[in-house]
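Okay, so here's the structure we're looking at.
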Amino acid sequence: QSLAEIEALTVLAPLHQPQIVRLINAIRELKPNLPQTASFDTAFHRTMSETAQRFALPRGMFDEGIRRYGFHGLSYKFIAAELRRRDPGTASGRVVVAHLGSGASLCAMDNGISRDTSMSFTTLDGIPMGSRAGAIDAGAVTYLLRDLAMTVDEVEHALYERSGLRGLSGISNDVKTLLESEDPRAAFALDYFVLKVAQHAAAMAVSMGGIDAFVFTGGIGENAAPVREAVLARLAFLGPFRPLVIPANEERMMAIHAKALLEARG
């Protein structure tokens, strides 16, 4: 039953969930008696208020599950724990965390608790990513379907696989490649990405009433210094806050969850 419920969530993360289900099934075939556990990226964001979770849609749709779930929760939970270990004072404050990689999102963490996040019902919303569009006018999607006669599969493929940095640059979804390129399209894609990260970061600050620290994590956040500097420059108007770079370690959080679950089972 648990596996069926996990498989039913594919609509929320079509790039990830099918692979996860295949891996679970493969391990069940190889090691049928080996216990398996599942950690959900969305769990960390269950502390968000209803205001943060709701879309401006009829209540019945919210009750049916059309809401902002948020993702990258394992990464954010690790960052919260790592901040408590490194600097309890900063950890107890208002921290914006930017998980920037092929998938990218931001989280508003107040005293280590998620108050808001940029991803929502699926892993497609929020800031542009490697090949994902990020936030887009829903009317543009209906236009693609109705007026340009694209199929649902074609639209989904375009939004998940052909957009983001790849679509903006027409070159690559890799930030290192774009930073090294002299093609003006590469610079445009990076400028666009930086702008959207900064805009969403400001929104996260609004959700907490200010910002005390900004944490970069993920492949881009950890390794692309020019991107970090450009984001911070755009956020300078918010006043002084502490910038930090903390390597992501979602695997550690999954191991901690698995250990706790297995120990609870005895």
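The values are calculated or read from the model by the stated rules, or taken from the named source; none is laboratory data. All values reported here derive from a predicted model rather than from experimental measurement. Virtual Cβ from ideal backbone geometry, glycine too; neighbours counted across all protein chains shown. For accessibility, only protein heavy atoms count, side chains too; no ligands or nucleic acids. Shrake-Rupley method; radii C 1.70, N 1.55, O 1.52, S 1.80 Å.
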If you check Gly139 against the conditions, is it closer than 28 Å to Ile211 by Cα and not β-branched (Val, Ile, Thr)?
-> no
Which is surrounded by fewer than 21 Cβ atoms within 10 Å (Cβ to Cβ) and at positive phi, of Gly219, Gly210, Gly164?
-> Gly210
Among Thr47, Thr42, the single one that is open to solvent by 20 Å² or more (accessible area, probe 1.4 Å), in contact with a Ser or Thr (Cβ under 7 Å, 6 or more places away or on another chain) and among the β-branched types (Val, Ile, Thr) is Thr47
Scanning the stretch 59-106 for residues that are open to solvent by less than 20 Å² (accessible area, probe 1.4 Å) and farther than 24 Å from Ala198 by Cβ, which turns out modelled with the lowest pLDDT?
-> Gly65
Within the stretch 24-41, is even one residue of a type in the set (Ser, Thr, Tyr) and within 27 Å of Ala260 (Cα to Cα)?
-> yes
Does Ala255 qualify as being touching a residue at least 12 places away in the same chain (Cβ under 8 Å), of a type in the set (A, V, I, L, M, F, W, C) and open to solvent by 20 Å² or more (accessible area, probe 1.4 Å)?
-> no
Is there any pair linking a residue in the stretch 122-133 that is open to solvent by 20 Å² or more (accessible area, probe 1.4 Å) to one that is among the charged types (D, E, K, R), with Cβ under 6 Å and at least six apart or on different chains, and which?
-> Leu124/Arg132
Within the stretch 168-183, the residues that are closer than 22 Å to Thr123 by Cα and open to solvent by less than 40 Å² (accessible area, probe 1.4 Å) are Ser169, Ser172, Val175
Considering each residue of the stretch 228-252, count those that are assigned to a helix (DSSP H, G or I), over 18 Å from Ile79 (Cβ atoms) and either in contact (Cβ under 8 Å) with a residue 60 or more places away in the chain or small (Gly, Ala, Ser) (or both), and give that number.
-> 3
Here are some residues: Ala140, Ala186, Ala198. Which one is surrounded by 14 or more Cβ atoms within 10 Å (Cβ to Cβ), more than 17 Å from the chain's Cα centre (by Cα) and part of a helix (DSSP H, G or I)?
-> Ala186
Checked the stretch 1-50 for anything at pLDDT 90 or above, part of a helix (DSSP H, G or I) and hydroxyl-bearing (Ser, Thr, Tyr); matches are Thr47
Tally, over the stretch 146-183, of residues that are part of a helix (DSSP H, G or I), in contact with a helix residue (DSSP H, G or I) (Cβ under 6 Å, 6 or more places away or on another chain) and farther than 18 Å from Val227 by Cα | 1
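Could we say that Met119 is closer than 13 Å to Asp41 by Cβ, buried (at least 18 other Cβ atoms within 10 Å of the Cβ), out of contact with any Pro (no Cβ under 9 Å at 6 or more places or on another chain) and not β-branched (Val, Ile, Thr) here?
Here the answer is yes, as Met119 does meet what is asked.
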